[in-house]
1. Just one of (1) touching a residue at least 40 places away in the same chain (Cβ under 8 Å); (2) part of a helix (DSSP H, G or I); (3) out of contact with any helix residue (DSSP H, G or I) (no Cβ under 6 Å at 6 or more places or on another chain) trips up residue 361, so point out which.
2. Residue pairs, Cβ under 9 Å, 6 or more apart or interchain, first in segment 391-414 and free of Cβ contacts under 8 Å to residues at least 40 places away in the same chain and at positive phi, second part of a helix (DSSP H, G or I) and surrounded by fewer than 21 Cβ atoms within 10 Å (Cβ to Cβ). List them.
3. Which of the residues belonging to segment 100-131 are buried (at least 22 other Cβ atoms within 10 Å of the Cβ), over 17 Å from the mean Cα position of the chain (by Cα), in contact (Cβ under 8 Å) with a residue 40 or more places away in the chain and not in a loop (DSSP other than H, G, I, E, B)?
4. If you go through segment 330-357 one residue at a time, how many are touching a residue at least 12 places away in the same chain (Cβ under 8 Å), assigned to a loop (DSSP other than H, G, I, E, B) and over 20 Å from the mean Cα position of the chain (by Cα)?
5. Quick one: how many residues across segment 244-286 are more than 14 Å from the chain's Cα centre (by Cα) and part of a loop (DSSP other than H, G, I, E, B)?
6. State which residue is modelled with the highest pLDDT when the search covers only segment 49-99 and only residues that are in a loop (DSSP other than H, G, I, E, B) and closer than 22 Å to residue 160 by Cα.
7. Of the conditions (1) part of a loop (DSSP other than H, G, I, E, B); (2) modelled with pLDDT of 95 or more; (3) crowded, with 22+ Cβ neighbours inside 10 Å, residue 141 fails just one. Which one is it?
8. Counting just the residues of segment 465-480 that are free of Cβ contacts under 8 Å to residues at least 12 places away in the same chain and over 19 Å from residue 218 (Cα atoms), which one comes out surrounded by the most Cβ atoms within 10 Å (Cβ to Cβ)?
């Protein structure tokens, strides 16, 4: 099968042949959306003051309000992230990298929203993901729990990306999409050849997933005005504005997106979650319930998505925290099994994000805002962040507050921008970065739903119509 995912060079994936079910380019690299902007140096002291334990971003008193975003979208965002980006190369405490060094960093995922975390390299190159007794069918369940992802004798998940087993919620999201594929496969006309039937099911699943990312997830988490601006330009064939394939024809993963903008989901995370009717209130990293993942989902912790998504009108779902600069205590004190025996500050996800932004030479939020404005995005780079109103800001030592107010680390800037807007979604700058990359990747992908004129979700999967198609419809379709 030809490998023509972007319409550029036809390449094998990881040195494999063009195996059936493997439709994407080789694993790619990172890059920058704004290569001419200077990186903002962020010292470890500044990263600790903002994002370390007890810092500006530590929500010690649970001050962050709730949003209207159902909590299941946190784990859908994590699932999406694992589908498009994986950096295992950068040193958290290293010096800022040059533009050429960033371009050379390998991204161990393709940015094309192709669900390689579900399909791997296809039935021929990743046969351990598939049922050998039912061609094209993905494995699910274990002897211990049929409502789990497949596992080997050691309990290791047999899935396309091991990160999708790092907590029970993203593991169960993985299971949802495994079952979605199988349900679609079963629905196809009997008598179609095994190869054609698998690839047709894969295409249907990918298109519905991509449509959900755009019209459910992005519409939900982005500023409405910026979404409308970007979508209109997509319809006119004039989008994206900055995102481009590299000189080799491959599409890089922009670090402004992967290290800052798409980490906004960290602020949505709650300390406690409802899993099902028997376990309506458990800690995110409660080891008694194996919520650290990587060991199998106990039957008693099978996720009932009605508690996290709007699946059933009779069961109001738990919602995420607001999109603001505050992160839950559990993310400021990550457990040892998650980060290893790290130093005091290194256990904080906010601190790690800020340092990673320094290593990857991210520009300040203000500089990025000006670039977007000059290109035509409806953003206001002169908007004040009102940082003096942030608890603890005026107490930052050695003029740190004044410096960071003028040139603000991009990750913090985007979260503060969202919080000033009410915290129900990202602000204009953060929204522009997400739309630029997601819509851009789908525009460059020759096999995305955007490249199939007139494509709409299947009414059997989206019974209320394309305009109202949400992740909850996938749950209902799979469970029907």
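1. Of (1) touching a residue at least 40 places away in the same chain (Cβ under 8 Å); (2) part of a helix (DSSP H, G or I); (3) out of contact with any helix residue (DSSP H, G or I) (no Cβ under 6 Å at 6 or more places or on another chain), only one is false for residue 361: (2).
2. Every condition considered, the pairs that remain are 398/45.
3. Matches in segment 100-131: 102, 119, 122, 123.
4. 3
5. Taking segment 244-286 as the starting set, the residues that turn out to be more than 14 Å from the chain's Cα centre (by Cα) are 244-252, 270-286.
Narrowing further to those that are part of a loop (DSSP other than H, G, I, E, B): 244-252, 270-271, 274-281, 284-286.
Of the residues in that region, 22 qualify.
6. Here is the first cut: in segment 49-99, the ones in a loop (DSSP other than H, G, I, E, B) are 52-57, 60-65, 71, 85-98.
Still in the running and closer than 22 Å to residue 160 by Cα: 85-89.
Values: 85: 93, 86: 89, 87: 87, 88: 83, 89: 82.
Going through the qualifying residues, I end up with 85.
7. (3)
8. The qualifying residue surrounded by the most Cβ atoms within 10 Å (Cβ to Cβ) is 479.
The values are calculated or read from the model by the stated rules, or taken from the named source; none is laboratory data. Bear in mind the structure is a predicted one, so any value in this text is a computation, not a measurement. Here the Cβ is made from the backbone with ideal geometry for all residues, glycine too, and neighbour counts use every protein chain on show.
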